[in-house]
Amino acid sequence: MTTTGDPQVYAVDVRGVHKSFGALDVLAGIDLQVRKGEVTVILGPSGSGKSTLLRTLNHLEKVDRGTIRIDGELIGYRRRGNKLHELRPREVLRQRSRIGFVFQNFNLFPHLTALENVVEAPLSAQKRERSAVEAEARELLRRVGVGDKIHDYPKQLSGGQQQRVAIARALALRPAVILFDEPTSALDPELVGEVLEVIRDLARDGTTLVIVTHEIGFAREVADTVVFMDGGVIVEQGPPADVLDRPTHDRTRAFLSRVL
Ligand code: ADP
Ligand code: MG
């Protein structure tokens, strides 16, 4: 790990992040750098702070301490002298519009078709031009394999199809990074593969991805870096061959022996 925060190199740069809920230190000093074009997979037991970490990256949760930069830009705050001032909601929305987020439960707008779901943020948050956005959305929906479903509503789609629409929606932002929070955990087992296949393609194409998942085999295959979290800290991180096959910490070994 390096100590410079060069935005040319890092899509995500997290420094000394703390977050508590009441007396609970959910994030107890997180440092994490993700290079552009790389895939980081976050593993860890339930309650270890994985979702909270992802949510701080796009300011869905405010940090108590520390800084987050996405593509070099400080998230949620503006620095004046030594002080950080919180950004206005409109500025936060603008920042968020460059960070894709794919949730466990798809979170598509139920009253919008697949196509409308994908074009919504590029039109409203990014103020892009409708005909170009629609053409790009159709292409993205084809790319994730639902090109024949663009006028269907979420409830007409399988879970795997809904999640692939959600990935197209994230891609339509032209994001600096896409965050995935257990993207296959809510799927019937036979639908997991089709969603992992789409994520695998993104990884191959050099999209910057941060993925929370319990799919260890998938992590081994796509991750440049595996991060193991427990109790609000990063216990260890490194290439999959190190963290998954030669973990140096007892807590990592105990976790892997439970999930493998
Ligand atoms: P993970 O995704 O690793 O399972 P989370 O980040 O969801 O973990 O949660 C970490 C801890 O923080 C858990 O103990 C959870 O109950 C707690 N927590 C998360 N969000 C909140 C919240 N909004 N208010 C209070 N406690 C929370
Ligand atoms: Mg979680």
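Points worth noting:
- Every pair of residues 6+ apart whose Cβ atoms lie under 6 Å, when the first sits in the stretch 109-138 and is outside any loop (DSSP other than H, G, I, E, B) while the second is among the charged types (D, E, K, R): A114/K149; A114/D152; N117/R169; V118/R169; V119/E134; P122/R128
- Residue match in the stretch 76-83 (condition: basic (K, R) and farther than 23 Å from R98 by Cα): yes
- Applying the criterion of being in a loop (DSSP other than H, G, I, E, B) and over 14 Å from the mean Cα position of the chain (by Cα) to the residues of the stretch 221-236, the residue that is nearest to G66 (Cα to Cα) is G232.
- Considering the stretch 16-27, and only residues there that are touching a strand residue (DSSP E or B) at 6+ places or on another chain (Cβ under 9 Å) and within 11 Å of ligand 1 (Cβ to nearest atom), the residue that is farthest from V92 (Cα to Cα) turns out to be D25.
- When I42, I30 are screened for being more than 25 Å from E91 (Cα to Cα), surrounded by 13 or more Cβ atoms within 10 Å (Cβ to Cβ), β-branched (V, I, T) and within 16 Å of ligand 2 (Cβ to nearest atom), only I42 passes.
- The residue list G206, G193 contains one member that is assigned to a helix (DSSP H, G or I) and small (G, A, S), which is G193.
- Considering residues of the stretch 216-232 that are farther than 30 Å from A23 by Cα and of a type in the set (D, E) only, the residue surrounded by the fewest Cβ atoms within 10 Å (Cβ to Cβ): E221
- Lone qualifier among V227, V233, V259 - being within 16 Å of ligand 1 (Cβ to nearest atom), modelled with pLDDT under 95, more than 30 Å from V133 (Cα to Cα) and of a type in the set (A, V, I, L, M): V259
- Looking only at the stretch 56-90, and only at residues there that are within 16 Å of ligand 1 (Cβ to nearest atom) and under 9 Å from K19 (Cβ atoms), the one that is nearest to the chain's Cα centre (by Cα): T56
- On the stretch given as the stretch 210-239, residues that are in contact (Cβ under 8 Å) with a residue 60 or more places away in the chain, more than 12 Å from G49 (Cα to Cα) and in contact with a Pro (Cβ under 8 Å, 6 or more places away or on another chain) total 7.
- Answer residue from the stretch 183-207, given it is within 16 Å of ligand 1 (Cβ to nearest atom) and within 16 Å of V144 (Cα to Cα) and is surrounded by the fewest Cβ atoms within 10 Å (Cβ to Cβ) among those: T184
- Restricting the stretch 1-20 to residues that are of a type in the set (D, E, K, R) and modelled with pLDDT of 95 or more leaves a set whose member that is surrounded by the most Cβ atoms within 10 Å (Cβ to Cβ) is D13.
- Put simply, of P183, P175 the only residue that is modelled with pLDDT of 95 or more, assigned to a loop (DSSP other than H, G, I, E, B) and under 18 Å from R98 (Cα atoms) is P175.
- Figure legend. Inter-residue proximity from the stretch 170-182: first residues within 16 Å of ligand 1 (Cβ to nearest atom), second residues small (G, A, S) and not in a loop (DSSP other than H, G, I, E, B), beta-carbon distance below 6 Å, spacing 6+ or different chains. Indicated pairs: D181/S51.
The values are calculated or read from the model by the stated rules, or taken from the named source; none is laboratory data. Note that the structure is predicted; figures quoted are calculated from it, not measured. Every residue, glycine among them, receives a Cβ derived from its backbone with ideal geometry; neighbour counts consider all protein chains shown.
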